[in-house]
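First the structure, in the form of structure tokens, and then the observations on it.
The values are calculated or read from the model by the stated rules, or taken from the named source; none is laboratory data. For clarity, every value in this text was computed on a predicted model and none was experimentally measured. Cβ coordinates were reconstructed from backbone atoms using ideal geometry, including for glycine residues, and neighbour counts include every protein chain displayed. Side chains are part of the model used for accessible areas, which takes the heavy atoms of the whole protein and leaves out ligands, DNA and RNA. Shrake-Rupley method; radii C 1.70, N 1.55, O 1.52, S 1.80 Å.
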Amino acid sequence: MGFASGLRSELGERNRRYARGRLHVESFGEDPVIVYAPENGTHGNFFGPAYAAIAARPEWMRRFDKVHAQGRSLPRCPEEPGRRWRELDSSTSSDALLMNVFCTPGVADATAVRSMLGVDGESEPVFGWKARVPLANGRVDRTEVDMRWGDLLVESKLTELDFQCREAELVEAYRDFDAVFERELLPKIEIRTRRRPAAMELAEEFTQEWEPPSEDDGEAARAFQSEIEERADRLQAKVRGYASYQLIRNVLAAYAVDASFCVIHDARRPELREEWFQVMAAVRRADMRVRCKVVTWQELVPVLPDGLKMFLDVKYGIQGAGSRC
């Protein structure tokens with residue numbers, strides 16, 4: 001079992017217990033995910049004070065507008081069957097974890113938290129900040145950054161498999177790509193190009209080549225998906241690309257606005273830190289390299305309020321460094 005799947009399994013078990021008495025459903029499959037719904041001014045996926053603060057801030061509450069990508073495959077909400085599931089409802093949502101921590105009253109004002117992350121001034125966190133990363137053709141890539149807090153951009157990670165990949169032609173189209181990175185040092189990958197379906201080919205198989213495995217899929221479904229992808233590999237060409245695309249793009253977003261960039265991930269996902277270090281090592285400019293940071297949720301715990309610490313421990317298994325289970 002890989003680090004990501006192991007963490008998903010642990011979160012599933014923890015949230016199955018935590019969800020008792022709270023409005024929720026379980027996704028289908030062998031490794032179900034708990035998805036919560038709001039109820040009487042609270043939300044099972046959120047620490048109470050954090051959710052109250054979110055509900056009082058329309059710009060934070062708008063983060064609930066993002067519909068769950070697999071919402072149609074989830075059971076309906078028992079109390080409100082017509083409600084569409086949101087990304088922030090999921091117990092594996094890294095954005096929900098991010099908001100649980102930084103929307104809790106007192107956290108953004110705490111000197112210790114600001115010092116750890118290198119945040120100055122009186123600014124407040126902005127979630128889903130719309131970056132405008134310059135392209136070489138004079139246009140911009142309008143991308144979303146998980147959080148901007150003053151001069152700090154943050155990428156939040158929990159159970160996501162990796163930092164995604166992208167075709168080299170697109171990555172190298174950023175205006176500052178060669179000014180910021182040594183392209184030879186960045187992680188490379190081959191990406192399958194799209195192809196036309198063969199005349200005698202099931203439409204479902206052609207479509208599934210491009211569908212990433214669902215976190216709800218069982219072993220049989222994942223094996224079937226792997227077989228389809230292996231056959232597709234033999235039938236189509238590949239193009240060169242870059243791994244860790246989100247990191248590359250967000251470093252460029254930070255560079256464009258003279259900001260720092262920090263990845264916050266779970267200590268149970270050491271491979272994410274290694275991937276980030278590989279990208280950091282490719283940063284050409286020393287002034288940008290010192291603005292690249294990494295922190296784990298576990299490292300943040302000691303400087304958080306006691307109630308939030310307990311919530312993170314019970315629901316996520318996130319404890320301070322050195323704590324015993």
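Across region 2-47, the number of residues qualifying as open to solvent by 20 Å² or more (accessible area, probe 1.4 Å), under 16 Å from Val314 (Cα atoms) and either touching a residue at least 40 places away in the same chain (Cβ under 8 Å) or of a type in the set (A, V, I, L, M) (or both) comes to 5.
Look at Leu98 and say whether it is farther than 16 Å from His24 by Cα, modelled with pLDDT of 90 or more and touching a Cys at 6+ places or on another chain (Cβ under 9 Å). The answer is no for Leu98. Residue count for region 174-229 satisfying the condition of being part of a loop (DSSP other than H, G, I, E, B) and either out of contact with any Asp or Glu (no Cβ under 8 Å at 6 or more places or on another chain) or modelled with pLDDT under 70 (or both): 24. Please go through region 66-115 and pick out each residue that is surrounded by fewer than 19 Cβ atoms within 10 Å (Cβ to Cβ), among the acidic types (Asp, Glu) and over 19 Å from Val154 (Cα atoms). Selection gives Glu79, Glu80.
Among the residues of region 286-307, the ones that are over 14 Å from Leu117 (Cα atoms), surrounded by 14 or more Cβ atoms within 10 Å (Cβ to Cβ) and in contact with a Phe, Trp or Tyr (Cβ under 8 Å, 6 or more places away or on another chain) come to 1 in all. For Gln278, the conditions (1) more than 22 Å from Leu97 (Cβ to Cβ); (2) out of contact with any Ser or Thr (no Cβ under 8 Å at 6 or more places or on another chain); (3) modelled with pLDDT of 95 or more; (4) outside any strand (DSSP E or B) are fulfilled apart from (2). Among the candidates Asp313, Asp258, the residue that is in a loop (DSSP other than H, G, I, E, B) and at pLDDT 95 or above is uniquely Asp258.
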